[in-house]
Structure formats: C-alpha cells, structure tokens
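What follows is a set of notes on a single structure, which appears directly below.
The values are calculated or read from the model by the stated rules, or taken from the named source; none is laboratory data. Only a predicted model underlies this, so the values are computations on that prediction, with no experimental measurement involved. FYI the Cβ positions are ideal-geometry reconstructions off the backbone, even for glycines, and counts take in every protein chain you see. For accessibility, only protein heavy atoms count, side chains too; no ligands or nucleic acids. Shrake-Rupley method; radii C 1.70, N 1.55, O 1.52, S 1.80 Å.
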Amino acid sequence: MNILGIETSCDETGVAVYSSTEGLLAHRLYSQAELHAEYGGVVPELASRDHVRKLLPLIRTTLERAGVQGPDIRGIAYTAGPGLAGALLSGAAVARSLAWAWKVPAVEVHHMEGHLLAPMLEEHPPAFPFVALLVSGGHSMLVKVEGIGRYSLMGESLDDAAGEAFDKTAKMLGLGYPGGPAIAARAEQGDPARFQFPRPMTDRPGLDFSFSGLKTYALTTMQKESAGLNGAALERLKSDIARAFEDAVVDTLVIKCRRAVRESGVNTLVLAGGVAANQRLREKINQMMGAEEGQAYYPRLAFCTDNGAMIAYAGWQRLRAGESQGLAFQARPRWSLMDLQSPRLNC
Ligand code: KG4
Ligand code: ZN
C-alpha cells in the first residue's frame, strides 16, 4: 500500500511516498527559508501562499521519483496541526481534494507525532517503550512513549521552545534565519571558555525547561561586551556568545534527558525535531546515554527538521488501523500531542 504524505505546517513544503512493503520510495522538500530570511522569521501569509504555489508541482515530481502514479496511492496523510492555520489549510485542502478524486482515505497527522516517529524510518529503529526529547521551533517536550498514540508528558518548556530560543538569539546577534544552524556554525569558531551561561532549571527537581532567560542573558552579554567593538573583534564576540548559548542549551537538555531516563527506568532515548539536528547535542547525548548503558536514536539529519516522510509514516500507522476522516477538514493550529489515542482504540 502506497501512502502520500504532505507536510505544510510552517515554512517547508514536504512530500513523500511511503510503501508499506518497501519503505520510503521518495521524498522531496521545498524550504521557504530564503523567502522569510529578510524578515528574520516566518511571515504566516507568505508561507500559506507559497505552499499553494509549490505543493502540487512537488507532489507531481515526488510521485515521478517514486515511480508511482496517482491511482497507485491508497491513502493520504497530511499534517492537520499544530502549526500556522493558513499553512495547514493549504495542505489539508490539497490532501482532501486528491483523496476525493482518487477515492482513497485521508488521515490527519499530528505534526509532533510525525517528528516522534521519524526515527522509525531508519535502518535500526528504536523499540517501544522509549523516552523522547522533542525539540523543534514550536515545542520542547520530554515524553514517555509506550506505543503509537500512548504518550505521557514528562516535562515541557514553560516559555520559549529550544528552537525558538536559537532563532531569537540568532536574530538578536544578526546571524540570520533559521537561527539553529546559524548559531551552530558560529559556535564552531567560538571560545568555549570566555562566557559561562546559566543552565536554567537544572538546580531543582523536575523535567520542565525554560529558555527565554538564556536569550536575555545572551542579549545583555552582547550589550555589555560590544561597546566600542567593530570588525573582527565584534564578530569574535558573536561567535563566543553563540558558543556559550549553544553549550548552555545542550547541557540543559542533556541534564534533563538523563533525569528522564533515570526516573522512567527506560534507557532508550529518541531525539527528534529540528534541534535534534544539532551536532553538539547529538554528541553529548551519545556520551550521556553510553554512561547510562542505554542507547540514543535519531532520525537522519534531513528528517529532524520538517519533512513529508515522517508524515507519510505516521499516517500509515493510523490508516492501517482503519483510521481516516471524512471530506470536511479543519486546521488545528493548537493541538496537544497528549490528546492523541492509540490507533487501535479508534477502529
Ligand atoms: O522541527 P522543525 O523543522 O520545525 C518545527 O516544527 O518547528 O524545527 C525547526 C527549528 C528551528 O527553530 C531551527 O532553528 C532549529 O529547529 N534547528 C536547529 C538546528 N537545525 C534546525 N537548532 C539547533 N541546531 C541545529 N543544527
Ligand atoms: Zn516540526
């Protein structure tokens, strides 16, 4: 059974074809990063319009690459939320229309369930149960995962998501958008010993996060240290702040993950979402999980950030259990991962 996956929740148009017998047949991504870069962040109306322009051509080329035709598609999975309302509606409208034309079922996919299950597309997937650190531009969560749709929240960000903190700090330093890769690149040149930023909420029990103070810490450090600087010295300062910021976020996430693994008694850890693409985070998590005699799993880099493959895969898990929705569709800009149920309960 071939499933078409469609992702349009934010600023990437992602399409994939997943075969239940052969695995992933093709995936294509169109990133709007350049479109939004001059504004320093995503402009929702521009995002929706661009999805409308790009989605159908991208579906056509993905089907070609997969070597399948419209009628070979037996189900459609699309991101219904959470995300930007207009962007979600663009994808939902196309998904529902194609499902109607091809007379196949279409299923709503929760974007964060897509991220959560992305490591399942790899050659060595994790087995349930596992603890998942979901760190994206909109969410930072620690979740205990007993199976598909069986999620319990262990901790979450009380303010900015980890990716959001990267994006805002990068914008403040003038490093561009998206901020995560920009900070990571500058941190490579930074001196790790020059500044020591706090590790928020690690000195008290619990698994919640708070990242907005770190962004302010970076801002005040910049204001204090940049007086009279220009040229190479100013660039060096930015690199040193980028390094201190990245180290603080990474250490904080690693400390909380270690706690979550110990508290849950589950020593399989999955990292997913855009921030899971961060190399320093992956290295430090590997070291920590090695010391805990556990194992960490990640999606390949292209499937950490938004993509259609994870949506096709997550949708297939629900379609195969008989789950689908009717012709009427809605966007769910706010939708808690904890509201999902196991697909077996619904059929
Ligand atoms: O999962 P994602 O593509 O979109 C959302 O669902 O939000 O995550 C995007 C976020 C952005 O905030 C971006 O700055 C961050 O992931 N990100 C990174 C890296 N690559 C992307 N953060 C840190 N290091 C990276 N290498
Ligand atoms: Zn995402």
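For the reader, a short list of remarks on this structure follows.
- Average projection area in nm² (convex hull over Cα atoms of segment 128-298, one quarter of hull surface): 9.5 nm²
- The angle separating the long axis of helix 85-102 from the principal Cα axis of greatest extent in the chain is about 20 degrees.
- Packing, taken as the mean count of other beta carbons within 10 Å per residue, orders the peptides 118-129, 161-172 from highest to lowest as 161-172, 118-129.
- Model label sites at Ala302 and His124, defined 7 Å from Cα along the beta-carbon direction, differ in position by 2.1 nm.
- Length released on extending from Arg53 to Asp191, taking residue separation times 0.36 nm less the Cα-Cα span: 45.3 nm
- Between helix 179-189 and the chain: long-axis angle, C-alpha atoms, 0 to 90°, nearest 10: 40 degrees
- Degrees between helix 162-173 axis and first principal axis of the chain (Cα, 0 to 90, nearest 10): 50 degrees
- Residues of segment 88-106 with an amide N closer than 18 Å to a point placed 7 Å from the Cα of Arg74 along the Cα-to-Cβ direction: 99-100, 102-106.
- Think of each Lys and Arg Cβ as +1 and each Asp and Glu Cβ as -1; about the Cα centre, that makes the dipole of segment 60-122 roughly 240 debye.
- Environment charge at Lys103 (Cβ cut-off 14 Å; Lys +1, Arg +1, Asp -1, Glu -1): +1
- The Cα atoms of the chain define a convex hull whose projected area, averaged across directions, is 17.3 nm².
- Surface exposure of segment 128-298, expressed per residue as accessible area with a 1.4 Å probe, stands at 41 Å².
- Relative contact order %, segment 100-179, counting alpha carbon pairs below 8 Å whose residues are six or more apart: 18 percent
- GNM result for the chain, Cα springs below 10 Å: residue of Ser90, Ser19, Ser264 fluctuating most strongly: Ser264
- Around the Cα centre of the chain, unit charges on the Cβ atoms of Lys, Arg, Asp and Glu (plus for the first two, minus for the last two) sum to a dipole of about 340 debye.
- Highest-MSF residue in the chain out of Ala185, Ala16, Ala312 [GNM, Cα springs under 10 Å]: Ala185
- The value of relative contact order for segment 128-298, using C-alpha pairs under 8 Å at least six residues apart, is 28 percent.
- Computed E for Leu158/Ala227 - FRET, C-beta separation, R0 45 angstrom, nearest 0.05: 0.85
- Computed from the C-beta positions of Thr220 and Glu45 and an R0 of 45 Å, the FRET efficiency is 0.85 to the nearest 0.05.
- Label zone at Lys103 (point 7 Å along Cα-to-Cβ), backbone N below 14 Å, segment 57-87: 71-74
- Charge context of Leu327, other residues only, Cβ under 14 angstrom, K/R +1, D/E -1: +1
- Simple Cβ-charge dipole of segment 128-298, Lys/Arg +1 and Asp/Glu -1, about Cα centre, in debye nearest 20: 80 debye
- Residues Asp247, Asp208, sorted by accessible area with the largest first, give Asp208, Asp247 [1.4 Å probe; ligands and nucleic acids excluded].
- Note on the chain: with a GNM built from Cα contacts shorter than 10 Å, the maximum mean-square fluctuation among Gly308, Gly231, Gly273 falls on Gly231.
- Expressed as a whole percent, the accessible area of the chain that falls on carbon and sulfur atoms is 50 (1.4 Å probe).
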